[in-house]
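Asker: One structure coming up, written as structure tokens, with questions to follow.
What follows draws every value from the coordinates through simple rules; no lab data is involved. Since we're looking at a predicted model, the values are computed, not measured. We place every Cβ from the backbone using ideal geometry, glycine too, and count neighbours over all the protein chains shown.
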Amino acid sequence: MSTPRIVVTGIGASTPLGGTAPESWAALLDGVSGTRTLEYDWVEKYDLPVTFAAEAKVRPDTVLARPLAKRLDPSSQFAMVAAMEAWADAGEPDVAPERLGVDFATGIGGLWTLLDGWDTLREKGPRRVLPMTVPMLMPNAAAGNLSLHFNARAYARTVASACASSTESLVNAVEHIRSGLADVVIAGGTESVIHPVTIASFSSMQALSRRNDDPATASRPCSIDRDGFVMGEGAAVLILETEEHARARGAKIYAAIVGGGVTADSYHITANDPEGLGAARAVEMALAMADASIDDVTHINAHSTSTPVGDPNEYQALKAVFGDRIHDIPVSATKASTGHLLGGTGALEAMFTVLALRDRVAPPTINISTQDPAVPFRISGAPTPLGDGPHLAISNSFGFGGHNAVAAFASV
């Protein structure tokens, strides 16, 4: 039996750059930064050491119908907004419910609902805690609500592998379709945890940038003066289906998702393996599934978060796979513009990779003052044309817990 080719037929996103996928892509190409100073009383109340983040440009509860929004934590709201856009963009596929699946991810889940519920319990007592608190805070809430909204009965799966989560969901979706469990899958990831607790925690581990006086340039992957990542929020969704199914219904096709790799470092709960062994294996697995060689890769969307240790580790992992050819491949580090969406970041960067293949352009990496010689990627502050002909691109995601996930995409 031949292996079905899986294609992307719809995209949707709500990000720090825009309320839709096209708005986010246009802003990314224009070199816009989505990072802004936080305008909340709790920033001063808790004397937070970091006073900025990459908040979503459009609040999801202003887009969704009020009754629906009230039943969802912000993380699920973002997921719903992005999925509705992607589903419409895909032409609302006519697929039997038993052949429609959901593979959705989050790194943390309904943090706002959880901590608001705790505040209510302490201040007002147990009778005032909302009965929907647990269904709203659980990590699988986004997947469950998308399954309900789109009547997806094939399966509804949740991945929670920190910052690798939604890339892993995309790889899982490919495997589910190839195994015959679904014809169409709504795949992606979401996160909404710009909260005093997370800011305080990430600050305590010295992972966040502290450029409070210049937030727009705080995320600076591969720059020698980078000092940490910027928290972001939002969601991105890709509609995946077999090429046969897509062509039978006359759907437009953005790109094909042709490979994926998922590995674990088993090294440290928060630090990458300094030799990048697990990350390198994930890249090799993605290329093997794609039946591709290192010479076929023409673009990379790097995980690069702007941390002093993480960026060089990723370079070492890619150097181990590509050798000196890594210096010839256009690399984009789009977290410079969007911040780090944690569990949602892989899906967003996969979407950017798909659009890079469609438009034959590698998006810019802003905020590099002087490129770090320890991270000598071929990286640019301006859009880089990829040229005509076939293209193969990979998108990398690495997360706390030692999770590594890589997805490979081909132009069509």
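Asker: Given H placed on each backbone N at 1.01 Å, which residues far from G109 in sequence or on other chains put an amide H within less than 5 Å of it?
Answerer: S192
Asker: Then there's this: Among DSSP beta bridges whose residues both lie in the stretch 259-410, state the antiparallel percentage, nearest 5.
Answerer: 65
Asker: Place a point 7 Å from Cα of R325 in the direction of its Cβ. Which residues in the stretch 383-398 have their backbone N less than 14 Å from it?
Answerer: Zone members listed by number: 391-394.
Asker: Enumerate the calculated ³J(HN,Hα) couplings along the stretch 167-177 in order (Karplus 6.51 cos²θ - 1.76 cosθ + 1.60, θ = phi - 60°), each rounded to whole Hz, writing x wherever the residue is Gly or Pro.
Answerer: Listing the rounded values in order: 5, 5, 4, 5, 5, 4, 4, 4, 5, 5, 5 Hz.
Asker: Which residue, S192, S293, V50, has the largest displacement toward the positive end of the dipole of the chain when charges sit on each Cβ (Lys, Arg +1; Asp, Glu -1)?
Answerer: The residue sitting farthest along the positive end of the dipole is S192.
Asker: Enumerate the amide H contacts of I329 below 5 Å, restricted to partners 5 or more residues apart or on another chain; note that Pro and chain-start residues carry no placed amide H.
Answerer: Residues meeting the amide H criterion: R378.
Asker: Can you run phi through the Karplus equation (6.51, -1.76, 1.60; θ = phi - 60°) for the stretch 15-25 and list ³J(HN,Hα) in whole Hz, with x for Gly and Pro?
Answerer: Values, residue by residue: 9, x, 9, x, x, 9, 5, x, 5, 5, 5 Hz.
Asker: Where the centre of each part is set by its Cα atoms, how far does the stretch 1-53 sit from the stretch 152-227, in angstrom?
Answerer: 11
Asker: Another question, then. With θ taken as phi - 60° and the coefficients 6.51, -1.76 and 1.60, list the Karplus ³J(HN,Hα) couplings across the stretch 55-62 in order, rounded to whole Hz; mark glycine and proline as x.
Answerer: Ordered by residue, 3J(HN,Hα) equals 6, 4, 5, 10, 5, x, 6, 8 Hz.
Asker: Under 27 Å between alpha carbons: how many lysine pairs meet that in the chain, if sequence neighbours fewer than 8 apart on the same chain are excluded? Let's see the in-between values first.
Answerer: Details: K45/K57; K45/K70; K45/K124; K57/K70; K57/K335; K70/K124; K319/K335.
Qualifying lysine pairs in the chain: 7.
Asker: Right, something else. Which of the trypsin sites (Lys or Arg not before Pro) across the stretch 338-412 are loop residues per DSSP, with 16 or fewer other Cβ within 10 Å?
Answerer: R360
Asker: Name the long-range amide H neighbours of V361: under 5 Å, sequence gap of 5 or more, or other chain; modelled H, no Pro or chain starts.
Answerer: The list, which skips near neighbours in sequence, is L386.
Asker: How high is the FRET efficiency between N151 and R122 when r is their beta carbon distance and R₀ equals 56 Å, given to the nearest 0.05? Show your work: numbers first, answer last.
Answerer: On the way: r = 39 Å, r/R0 = 0.70.
So, using R0 = 56 Å, E works out to roughly 0.90.
Asker: With a Förster radius of 41 Å, plug the Cβ-Cβ distance of V129 and R178 into 1/(1 + (r/R0)^6) and report the FRET value to the nearest 0.05.
Answerer: Working: r = 43 Å, r/R0 = 1.06.
Here the calculated transfer efficiency is 0.40.
Asker: Separate question: Could you work out the relative contact order of the chain? I mean the mean sequence separation of Cα pairs under 8 Å and 6+ apart, divided by the number of residues, in percent.
Answerer: So the answer I get is 24 percent.
Asker: Quick one: pull the percentage of alpha-carbon pairs in the chain with a separation above 33 Å. Walk me through the numbers on the way to the answer.
Answerer: On the way: 21558 of 84666 pairs.
Looking at the chain, the distances longer than 33 Å represent 25 percent of pairs.
Asker: Turning to a different aspect of this structure: Mind checking the full-extension length gain between I294 and E44? Use 0.36 nm per residue of separation minus the Cα-Cα distance, one decimal, nm.
Answerer: Numbers: separation 250, 0.36 × 250 = 90.00 nm, distance 4.96 nm.
Going from the current span to full extension adds 85.0 nm.
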